[in-house]
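Scroll down for the structure; my scribbles are underneath it.
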Amino acid sequence: MSTPERYHAREIEARWQGEWEREGVFRTRTHDARPKYYVLEMFPYPSGRIHMGHVRNYTMGDVVARYKRAKGFNVLHPMGWDAFGMPAENAAMQNKVHPREWTYSNIAYMRGQLKQMGLAIDWEREIATCDVDYYHQQQRLFLDFYKAGLVSRKTAKVNWDPVDQTVLANEQVIDGKGWRSGAPVEQRELTQWFFRISDFSEELLAALDHLPRWPEKVRLMQKNWIGRSEGLRLRFELTGTAPHGSNELEVFTTRPDTLFGASFLAVAADHPLALAAAERDPELKAFVDECRRLGTSAVAIETAEKKGYELGLRARHPFHAETTLPIYVANFILMDYGTGAIFGCPAHDQRDLDFARAYRLPVKPVVLPPHTDPNTFAIGDEAYTGPGTIYNSSFLDGLSIEDAKDIVASRLEHHALRGTPQAERQVNYRLRDWGISRQRYWGCPIPMIHCERCGTVPVPQRDLPVELPADVSFDRPGNPLDRHPTWTKVDCPECGAPARRETDTMDTFVDSSWYFARFTAPRATAPTELDAVDHWLPVDQYIGGVEHAILHLLYSRFFVRAMKVTGHIRLEEPFAGLFTQGMVTHETYKDAKGGWLFPEEVVLRDGVAVHAQTGDPVSIGPIESMSKSKKNVVDPTAIISEYGADTARWFMLSDTPPERDMQWTEAGVEGAHRFVQRTWRMIQDVAADLRTVKEGDGSGSEAEALTKAMHRTLHAVERDIEDLGFNRAVARIYEYTNTLQRVIPQGASDPAIAPALKRALRYLVVMIAPMMPHLAEECWSLLGNRGLVAETDWPTVNPAMLVDSTVTLPVQINGKKRAEIVVDRDASSDDIEAAVLALEDVRKHLGGAAPKKVIVVPQRIVNVVA
Ligand code: ANZ
Ligand code: ZN
């Protein structure tokens, strides 16, 4: 009989994938007696091909899914597509292909790629967010949110690209220009749809403390994003009446303790005071326009040179009426935070300091750092924002910052300015409402209608879905829905008059804010089925990239709360456990002219990197995360067809802790591949010898040592997978395999060992199954096991096997240590005494005489009295 020498991954993997599919192994039912476990990886955008980041992400999730199944859980592990968004429209513009066609053909291709990876996924639950059924339910959610007052329509300033005729996110504005068109971006006031996420600021913040299975850094990022600050709204009295008719100016401050260091007030360019003043002052008007062009992003404001325009008005210091402060319009004040106005304390705020230096305003320190001489302390180019004691501040002198804040607040709360308290304590949040309007085609239509008579009217639920029209053209920039001749025309559901459809579609972040809930009942005729969401949610383990640490996770947390308010869910937090995996990196290569090269274009000749075809020298650049622009990418499909999915999976899990960036190297892949081959060959070689052997303990110390190694490895691997320490689990399996390989040559034919060996090999197969499921199935059947390893329970660790069963006792003769003896932990004193007296060293010392006495202290020491 001839046996194939190599493991043919391609053919074998396809065979087992077919088998799993035929048997419906990964189909999940909600009603099942086993406890539930929901593992989810962030679903992919169907860009065209999967990349190595996907492979890493989905491999990790798959290990957890397969392991939990083996541990007796009813596992939900679904997959879908985050399928709306700009790239489909770009493809439509460039390649004249309809976004729908482009998207679905990408999905088909990528689904095939994922299937090649051998993922334990219930494909019957697959959803794409561009499926009419999915966005239909999303429109229903929108309407329910609308009825519950969770949606608002308001004007907001947006970055407008006049060439592409679209709103741009802050990140899409580069140096004041649109990222695609390169056109100077304008600030426009647009009426848009918002989700009122800011109503939940406090709740979203407070609940972060109850997510122990989230990475600390992600919780911190969310905290900062929500940006709670406790401060004071404080009204300054003006020395005259301002152009907007008021004689006071209200500011928001978190540092009332620095009030005696104030040297100016400033308002945002869009503040009513600035706008009113600009009407009579063309120079100011020009300045206001300049500020608007700066854009609204925090980065733009932080990095721009601090500029201001003095209004010629003055404000009185609240505690010192004789002191008046100048008022400026300044480019670093945001209109939509606090009151859009501040008092500036240059000594203790960097922006204020930069501004004061530019406009020659006083810089008076009022917080003295610890152990500093007040006579010599001075502010240079850096504001002092650290701890200290208040000084130069009248009645606040000597107080701590916290106490001074409190005193100022209390005094001004009780001080009336024209009949109302001059100040009021206030908590502010940086979190803004979520603007969801996008002027794009390829998104979920917002189910609203604009009627001249009735205003904005929701589409009645019976008229849902509002389907995207198929006949659109992308030959011009802008939103094709806007210029659709018929789709926009609709009768008003309230008065019946001709009305116009809303043509904005939803931000694609909406689509990804509830897909995890939809997976629990993906074909339900309502957004969710309460039974199913209750059963499955929260997701027990969510895995994805840290780039989604803020928006996606925060929006999802908001959505679940909003769905609770509207009766679609009964919990608050969607993801009980979160894991953010590192990126996949690779060396970069450049040719002599500085052009990037793909890894497959580079070969090593005599240890020198050269171009594979031309032989020209290649320079090796730094290791960076894989990106198409630097060409340092490796195509998963190429790897899978060359080595098989198990090799790719195994390598992904090896060496590097999953939260860290891992470097993809040829050597690493080959190492993983050798292990696949070696494991298969080992089992293949021994399988025939063991065919008739019955599993069992065997006998003798070697069999026992093997069984111990087996239980220890099992126990460790179990713990490692539970902690998502996949690289550690891999290392233990390597070690265990080495042990097996040492035992096999004699062990396979030794009746004392073979039964234990057979069992030990079966355990190996079970342990590698979550990571290399195809190899595991193949070995499982080679060893003559029935059924599928994918449907086999994880064996139980025998705790007795984890403790050392022998102890080493020192042997003393007349109080002096003369020898050591290894005995069974629970050996009887008589047995120990006999063994000690048989020791060569002891016999020598006794010189043939019988000892006077032997004292055995169990598990500690043996004393021989001669
Ligand atoms: C006086 C002061 C003195 C301030 C000092 C800071 C340091 P957070 O913590 O982020 O809430 N501020 C208030 N409204 C603003 C706006 N619309 N645009 C720009 N800056 C604004 O920041 C609150 C602080 O940011 C406030 O406290 C205010 O400056 C400024 F030594 O008031 B502070
Ligand atoms: Zn109407």
Give the span of region 1-156's Cα atoms along each principal axis, as three whole-Å numbers ordered largest to smallest.
-> 78, 47, 25
With no solvent and one equal point scatterer placed on each C-alpha of region 342-436, evaluate the Debye formula and give log10 I(q)/I(0) for q = 0.14, 0.15 Å⁻¹, two decimals.
-> -0.69, -0.77
Between N170 and H450, what length comes free when the chain is fully extended (0.36 nm per residue of separation minus the Cα-Cα distance, one decimal in nm)?
-> 97.9 nm
Put a dot 7 Å past each Cα toward the Cβ at S394 and E547; how far apart are the dots in nm?
-> 5.4
If r is the Cβ-Cβ distance from R712 to Q613 and R0 is 60 Å, what FRET efficiency results, to the nearest 0.05?
-> 0.70
20 Å binning of all Cα-Cα separations within the chain, expressed as whole percents from 0 upward | 12, 32, 31, 18, 6, 1, 0
Estimate the FRET efficiency between N95 and W123 by the formula 1/(1 + (r/R0)^6), using the beta-carbon distance for r and 22 Å for R0, to the nearest 0.05.
-> 0.15
L220 versus V565, label points 7 Å from Cα toward the beta carbon: distance in nm?
-> 3.1
Fully extended, how many nm does the chain gain between R49 and K628 (0.36 nm per residue separation, minus their Cα-Cα distance)?
-> 207.2 nm
Counting only residues 5 or more apart in sequence or on a different chain, those whose built amide H sits under 5 Å from that of G577 are Q541, Y542
Please go through region 493-580 and write out the trypsin sites (Lys or Arg not before Pro) that DSSP classes as loop and that have at most 15 other C-beta atoms within 10 Å.
-> R523, R570
If the limit is 25 Å between Cα atoms, which of K816/K853; K157/K217; K364/K405; K96/K157; K223/K631 go over it?
-> K157/K217; K96/K157; K223/K631
Only residues of region 817-833 count here: report those whose backbone N is under 18 Å from the spot 7 Å along Cα→Cβ of A866, or say none.
-> 817-821
For region 231-330 the trypsin sites (Lys or Arg not before Pro) that pass both the DSSP coil test and the at-most-15 other-Cβ-within-10 Å test are R280
Residue by residue through region 861-866, the couplings from Karplus 6.51 cos²θ - 1.76 cosθ + 1.60 with θ = phi - 60°, in Hz, x for Gly and Pro, are 7, 10, 10, 10, 9, 8
E186 versus S828: modelled label distance in nm, points set 7 Å from Cα along the beta carbon direction = 10.0
Rounded to the nearest 500, what is the 222 nm mean residue ellipticity of the chain from helices alone, with -39500 (n - 2.57) per DSSP H run of 4+ residues and division by all residues?
-> -11000 deg cm²/dmol
Calculated FRET value between R213 and R360, using beta carbons and R₀ = 51 Å, to 0.05 | 0.40
With DSSP loop assignment and no more than 13 other C-beta atoms within 10 Å, the trypsin sites (Lys or Arg not before Pro) in region 383-422 are R418
Relative contact order (percent, whole number), region 784-866, Cα cutoff 8 Å, 6+ residue spacing = 30
Determine the shape class of region 638-718: with a ≥ b ≥ c the square roots of the Cα gyration tensor eigenvalues, call it rounded for a/c under 1.5, and otherwise prolate if a/b is greater than b/c, oblate otherwise.
-> oblate
Of the residues V546, V602, H535, the Cα lying farthest along the dipole of region 532-636 towards its positive end, which is defined by charges on the beta carbon of Lys, Arg, Asp and Glu, belongs to H535
Added length on full extension, which subtracts the Cα-Cα distance from 0.36 nm per residue, D793 to S805 | 1.6 nm
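Only the coordinates and a few stated rules stand behind these numbers; no lab work does. Just so it is clear, the structure is predicted and the values come from calculations on it, not from any experiment. Note that each Cβ is placed from the backbone with ideal geometry, even for glycine, and that neighbours are counted across all protein chains shown.
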